[in-house]
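Below: the structure, in structure tokens.
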Amino acid sequence: MVTDVRELVRAVPDPEIPVLTIEDLGILRDVSVVDGRVVVTITPTYSGCPAMDVIADDIRRLIPGADVRTVLAPAWTTDWMSEEGKRKLVEYGIAPPSGRGPVLVPLSVRCPHCGSLDTRETSRFGSTACKALWVCGSCREPFDHFKAF
């Protein structure tokens, strides 16, 4: 039963980046059954992320009566994102986080449109707080870059 439920839950889309699932993003921590009740544990990409309420509601709609728990420790990191999720970000036009561990000031980010490294950050905050706005000097296209945490 847990395996079947996990398969359902892992496909819940992220409301801010709908091409990603909560499994791709790495925020799905655990699915278990405790005393006959489904318990789903999730971790936000950053504390106060407004998408968490929507995700919890989506899980409860999918599995009525599910107990959705949010845990903050250990803190989420972009290292938890799947390689499939990073690939999906590029196809969606968002530069994925690069490297392992925290990257305080990326010097260059590969453009998801043309692949150029001739890019620059124009705003530390993009369409959501977990993304920065960049622009490519080669193709001149703006794009979001998912920040490494």
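Coordinate-derived values only; no laboratory data. Being a predicted model, the structure only gives us computed values, none of them experimental. Glycine also receives a Cβ, built like all others from the backbone with ideal geometry; neighbour counts cover every protein chain displayed.
Scan ILE27, ILE17 and give me the residue that is out of contact with any Lys or Arg (no Cβ under 9 Å at 6 or more places or on another chain), closer than 22 Å to VAL90 by Cβ and not charged (D, E, K, R). None of the other options fit; the residue is ILE27. Of all residues in the range 50-69, none satisfies being under 19 Å from LYS131 (Cα atoms), outside any helix (DSSP H, G or I), in contact (Cβ under 8 Å) with a residue 40 or more places away in the chain and not hydrophobic (A, V, I, L, M, F, W, C). Here LEU89 clears all of (1) in a loop (DSSP other than H, G, I, E, B); (2) on the phi < 0 side of the Ramachandran plot except the condition numbered (1). Do you know which residues across the range 66-84 are surrounded by 14 or more Cβ atoms within 10 Å (Cβ to Cβ) and not aromatic (Phe, Trp, Tyr)? Within the range 66-84, ALA66, ASP67, VAL68, THR70, THR77, THR78, MET81, SER82 qualify.
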